[in-house]
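Structure first, then comments.
The values are calculated or read from the model by the stated rules, or taken from the named source; none is laboratory data. Please read all numbers here as calculations on a predicted model, not as lab measurements. Here Cβ is always computed from backbone atoms with ideal geometry, including for glycine, and neighbour counts include all displayed protein chains.
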There are 2 protein chains.
Amino acid sequence: MSNPVDQYIESRLDDSIAELSRLCAQPSVSAQGLGVKECVELVAQMVRARGFTAQVHPTRGHPIVTAEAKGKKNKTLLFYNHYDVQPPEPLELWNSPPFTPTLRDGKLFARGVSDDKGHIQSRLSAIDAVRAANNGELPCHIKFVIEGEEEISSVNLPPFVEQHARELAADACIWESGGVNFQEQPTLMLGMRGICYVELSVECLTQDVHSGQGGSIFPNAAWRLTWALATLKDKNERVLIPGFYDAIKSPTARDLDMLAKLPDSSADWTRMYGVKEFLKGLKPGVELKREQVFVPTCTICGLNAGYQGKGSKTVLPARASAKIDFRLVPDQDPEDIVAKLRAHLDAQGFSDVRVDFLGGEKPGRTDPDHPFIKLVADCMREIYNAEPQLSPIVGGSGPYHAFLYYLHVPIGISGVGHAGSGAHAPNENMRLDLFVKGTQHTARVIQRFAER
Amino acid sequence: MSNPVDQYIESRLDDSIAELSRLCAQPSVSAQGLGVKECVELVAQMVRARGFTAQVHPTRGHPIVTAEAKGKKNKTLLFYNHYDVQPPEPLELWNSPPFTPTLRDGKLFARGVSDDKGHIQSRLSAIDAVRAANNGELPCHIKFVIEGEEEISSVNLPPFVEQHARELAADACIWESGGVNFQEQPTLMLGMRGICYVELSVECLTQDVHSGQGGSIFPNAAWRLTWALATLKDKNERVLIPGFYDAIKSPTARDLDMLAKLPDSSADWTRMYGVKEFLKGLKPGVELKREQVFVPTCTICGLNAGYQGKGSKTVLPARASAKIDFRLVPDQDPEDIVAKLRAHLDAQGFSDVRVDFLGGEKPGRTDPDHPFIKLVADCMREIYNAEPQLSPIVGGSGPYHAFLYYLHVPIGISGVGHAGSGAHAPNENMRLDLFVKGTQHTARVIQRFAER
């Protein structure tokens, strides 16, 4: 049974995809600064075309776009999105050029089409539909925060949210991303882990040395780094930094219940990533799900030293470095973790290992029993004709905590993605059928939110 | 007091440098296969032009040139050299193009000019001078082995020496490299450490994964590698592979005496490489010298995993690898070390860490009291008017052991190099004054060897 709003969204699909294709054709690679300025203008035009007042706020990095439109009811729904995209490389793995949006097999392919430009478009198309059904009026106030640094740790966003808390004030928030899982069930995510990203580096010499000359007597940066890393986590995955686990809140019975109801993805991981066995010997089940999101990590994201080419080169490397991310769970704090890391390295005799803090975000969660979350879930049930899958928290990170902390809003994460959308990978894509569903869901959330 | 041979060498310097410049203008980068074929032909021509019978032997890798000329006395002196050179990269650091030999400040600059084409030229110019002083006759038989894979571990040379032991039979051998030290004293090196070069690699997943998704539950190749490496050597530089030290022969009192007489290079190392302190807290002195050459190493030459670019990328790397070289001392054996490494990793629970053996050479030494060594040292004392610096063994490696083992020859290492010759580095150079001295020394060794 389709209502006029849903029908409107279906009938205007071609227009929405055409507008989204223009947005995706505009590169906006935050890590490389590519096309950011042009994309900001385009995004501001897109919201202004809907009668929103839009402002472009410069930051130390890329600008933040905010927008606002008044509606009938004095309640405000806030959308958080980002216009920046991941680098498209490796280009040779794309079947069509990343910034030439291409329709194929019911999907639109382009860098950023799912993460996150499809979501920007979906929110705007939902607003168009709701407005058309209300004689051109919005049923409630709507605000946007559309940032340009989500793919590079949103470093400038939390202070911006703090400073603009009054302008951004809202009653509820819909977050970027989300969609359906491997089982085609709509997902409703209720929190994000935090992150503390650091680079460890050691420099023992001013230049590389022939290993036959110096190997026995000169300090080796790669060894110093290896030994330092080995003090951070043991083979049983226990992080050895004193105090690392202190601030952790255990998941509640309600959390574990939500996890238990989530589908098992282990077969999909084996198929997609070749996972042969899970850490700690965990078998599929609630313990594995708990470990995935409620246990903090210490992940080596990269190692770099000396010669890495083909064959052998007998060199003693002058420098070595590692990229590490710690995914944090409530109530761990990235700045506290960096301080504990530094103290630990010093205590272990690694004062020569430099720690550069490349970015941090606090973990955050929304109450699963908040009425707004119930509303978002109800709309999912109606639109997707399937039971929403509630995740108490997801493994990834974002500037989620800043919105919770400075704006005191409940946050629902729902969107147009799917398990094979290839975000951050070549051939990123968005399914058109899920764009329709996700947009219908957003439209229904706006209407229902205004009604209650 | 200069004799006719020495005068001949001085007077023909321009011709020698012109011939050497032609040789250096011909690239012969073994690691890249660049110009090897042309260089082989050129080297064969150069020896044939001196009346040598030359043969070019194909191998699985680059060809080996052998050459032989008969002389008056039925004694044979063998020269070991190599025509291959290191890659010239990074090109931007060269002041003149690496394959455009350029005279500047009394030095000839070119890739390979010191390592090892200057030595090939020096041996040939010495032969010319000796022949001129002997009515065109050689005073003894002379043979050459000039290989093309010295810079890539000489993998095909030891079996070649074994198979051609009869054709290569000689009474003594002069090795490539050598020259004067930081103090301008001639060096006479009497052995080389061995080497066992391996690549350790781990692959846990078929592709990289978002660290937020997999960090808590998927195995991380970079962590597996880090933990495996940390079991190989402790912070006190003790290699932890069972049996690693078993085959080691302690240096003799004579060895320590030779070391004690060698000049202290620690200030030069600090200046050149920024060494702030030596491993194990060693201070300049005989213990540091002993550690440098008589203690085997386990050096990480390279580390490679995941993201190594600027800033942060939250990735769980599917693969990780490390390049490791073990410098070996008498009587360690590279194949034995690889077997012990594999057994150790298995015993430590790292059967998932793959070991690829990229090359090995056994350590080898020549008796410092062999009459031929005394002869070489005497000639140095006469030519350089300085006391030769005898090194019982050097930190580097080469196919030295194969010559000792299959040909039973004493081997002296002497040549035209200097401490700033930049072998393996940009702006490699050879000092013309040392070319003359080194060539005069080689000529005198040939004459004296034939006389005795």
Residue count, region B:337-350 (criterion: surrounded by fewer than 16 Cβ atoms within 10 Å (Cβ to Cβ), more than 26 Å from the chain's Cα centre (by Cα) and away from chain A (no Cβ under 13 Å)): 3
Residue, farthest from A:Gly212 (Cα to Cα), within region B:189-207, restricted to residues that are in contact with a Pro (Cβ under 7 Å, 6 or more places away or on another chain) and at the interface with chain A (Cβ under 9 Å from one of its Cβ atoms): B:Cys204
Selection status of A:Thr366, of a type in the set (S, T, N, Q) and away from every other protein chain (no Cβ under 14 Å): yes
Any hit, region B:283-305, residues being over 21 Å from the mean Cα position of the chain (by Cα), within 13 Å of chain A (Cβ to nearest Cβ), in a loop (DSSP other than H, G, I, E, B) and surrounded by 21 or more Cβ atoms within 10 Å (Cβ to Cβ): no
Residues satisfying the stated conditions in region B:218-231, i.e. surrounded by 23 or more Cβ atoms within 10 Å (Cβ to Cβ) and among the aliphatic types (A, V, I, L, M): B:Ala221, B:Ala222, B:Leu225, B:Ala228, B:Leu229
Residues of region B:140-152 that turn out to be closer than 28 Å to A:Gly309 by Cβ and touching a Leu at 6+ places or on another chain (Cβ under 7 Å), as a count: 2
Selection from region B:208-250 of residues that are more than 7 Å from chain A (Cβ to nearest Cβ), in contact with a helix residue (DSSP H, G or I) (Cβ under 6 Å, 6 or more places away or on another chain) and either more than 25 Å from A:Trp223 (Cβ to Cβ) or of a type in the set (Lys, Arg) (or both): none
Condition check for B:Gly243: at pLDDT below 95 and of a type in the set (Gly, Ala, Ser): no
Output for region A:162-184, where each listed residue is polar (S, T, N, Q) and either over 20 Å from the mean Cα position of the chain (by Cα) or farther than 18 Å from A:Lys261 by Cβ (or both): A:Gln163, A:Ser177, A:Gln183
Hits in region B:316-330 - residues which are surrounded by 24 or more Cβ atoms within 10 Å (Cβ to Cβ) and either over 17 Å from the mean Cα position of the chain (by Cα) or within 7 Å of chain A (Cβ to nearest Cβ) (or both): B:Leu316, B:Pro317, B:Ala320, B:Ala322, B:Lys323, B:Ile324, B:Asp325, B:Arg327
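Every residue, every condition in (1) modelled with pLDDT of 95 or more; (2) in the same structural domain as B:Val155 (by TED's automatic domain parsing); (3) farther than 27 Å from B:Asp116 by Cα; (4) not charged (D, E, K, R), yes or no:
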| residue | (1), (2), (3), (4) |
| --- | --- |
| B:Arg319 | yes, no, yes, no |
| B:Ala322 | yes, no, yes, yes |
| B:Glu335 | yes, no, yes, no |
| B:Lys340 | yes, no, yes, no |
| B:Ala343 | yes, no, yes, yes |
| B:Val353 | yes, no, yes, yes |
| B:Val376 | yes, yes, no, yes |
| B:Pro388 | yes, yes, no, yes |
Test: A:Gly179 is away from chain B (no Cβ under 11 Å) and at positive phi: yes
Hits in region A:171-212 - residues which are modelled with pLDDT of 95 or more, crowded, with 24+ Cβ neighbours inside 10 Å and more than 28 Å from A:Asp325 (Cα to Cα): A:Pro186
Verdict on B:His424 being closer than 30 Å to B:Ala222 by Cβ, touching a residue at least 40 places away in the same chain (Cβ under 8 Å), surrounded by fewer than 20 Cβ atoms within 10 Å (Cβ to Cβ) and not assigned by TED's automatic domain parsing to the domain that holds B:Glu203: yes
Qualifying position, being farther than 28 Å from A:Leu358 by Cβ, out of contact with any Cys (no Cβ under 7 Å at 6 or more places or on another chain) and surrounded by 22 or more Cβ atoms within 10 Å (Cβ to Cβ), among A:Leu23, A:Leu77, A:Leu42: A:Leu23
Residue that is surrounded by the most Cβ atoms within 10 Å (Cβ to Cβ), among those in region B:251-275 that are more than 22 Å from the chain's Cα centre (by Cα) and at the interface with chain A (Cβ under 8 Å from one of its Cβ atoms): B:Val275
